[in-house]
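Scroll down for the structure; my scribbles are underneath it.
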Amino acid sequence: MTTPADKTVLIVDDEPDIVVYLSTLLQDSGFPVMTAFDGDEALKRVKEKKPDLISLDLVMPKKSGIRFFYELRKNKDWSRIPVIIVTGHARDEKVRKEMDGLFEGKTLSGPRTYLEKPVKPADYVTLIKRELGIATEAEKSAPGPADKLAEARRLLEDADPQTLAAALELLKKKK
């Protein structure tokens with residue numbers, strides 16, 4: 001069974017207080033954490049050690065989170081790293097348009113979700129665990145559809161085209 005200690009999270013945010021806050025939440029939950037304060041520094045961290053998930057702010061000086069995200073997706077080795085957007089600018093018109101592009105499939109594998117700042121501790125940790133396929137305490141005691149969905153996501157993300165086609169056919173037959 002995968003545990004938080006098995007998965008490294010990269011937190012990218014230009015606000016030091018936010019980085020400390022999110023790092024503490026994850027470290028208290030058992031996750032190894034790397035940090036970066038802008039997109040350029042985040043690229044350096046990814047080159048040093050590929051994280052299992054990236055928690056990404058969008059609006060930062062130097063290289064923005066959106067520019068970092070697009071660079072990440074251009075690299076075959078990094079393109080499948082799950083990314084969770086954590087932003088205080090989700091309601092800003094310009095940022096909203098850029099986020100819509102990320103979520104509407106204009107990217108190969110865009111982020112599936114985002115959280116608005118201020119982030120609630122339980123929501124953040126639960127989301128990170130879900131994206132990494134780590135069961136929360138509630139899920140451990142009562143396994144259900146969420147476990148199966150998380151496992152299917154993990155398997156499909158690394159599947160070859162023939163396996164994806166076969167899985168799609170099986171799902172269509174079930175309808």
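Using θ = phi - 60° and the Karplus form 6.51 cos²θ - 1.76 cosθ + 1.60, what ³J(HN,Hα) does each residue of region 27-32 get, whole Hz, x for Gly and Pro?
Residue by residue, region 27-32 yields 5, 5, 8, x, 7, x Hz.
Would you mind checking which residues have amide H under 5 Å from residue 115's amide H? H placed 1.01 Å from N; only 5 or more apart, or other chain.
85, 86, 87
Around residue 8, what is the net charge, scoring Lys/Arg as +1 and Asp/Glu as -1 over all other residues with Cβ under 12 Å from its Cβ? Show your work: numbers first, answer last.
Values: positive: 7, 45, 49, 50; negative: 6, 48, 52.
For residues surrounding residue 8, the net value is +1.
Give the long-range amide H neighbours of residue 11: residues separated by 5 or more places, or on another chain, with amide H under 5 Å away, using H modelled in the peptide plane at 1.01 Å from N.
Sorted by chain and number, the residues that satisfy this are 34, 35, 36, 55.
Taking a threshold of 29 Å on the Cα-Cα distance, which of the pairs 44/117; 50/129; 7/172; 7/117; 129/173; 120/172 fall above it?
7/172; 129/173; 120/172
Each value in this text was obtained by applying a stated rule to the coordinates, not by laboratory testing. For clarity, every value in this text was computed on a predicted model and none was experimentally measured. Reconstructed Cβ throughout: ideal geometry from the backbone, glycine too, with neighbour counts over all protein chains shown.
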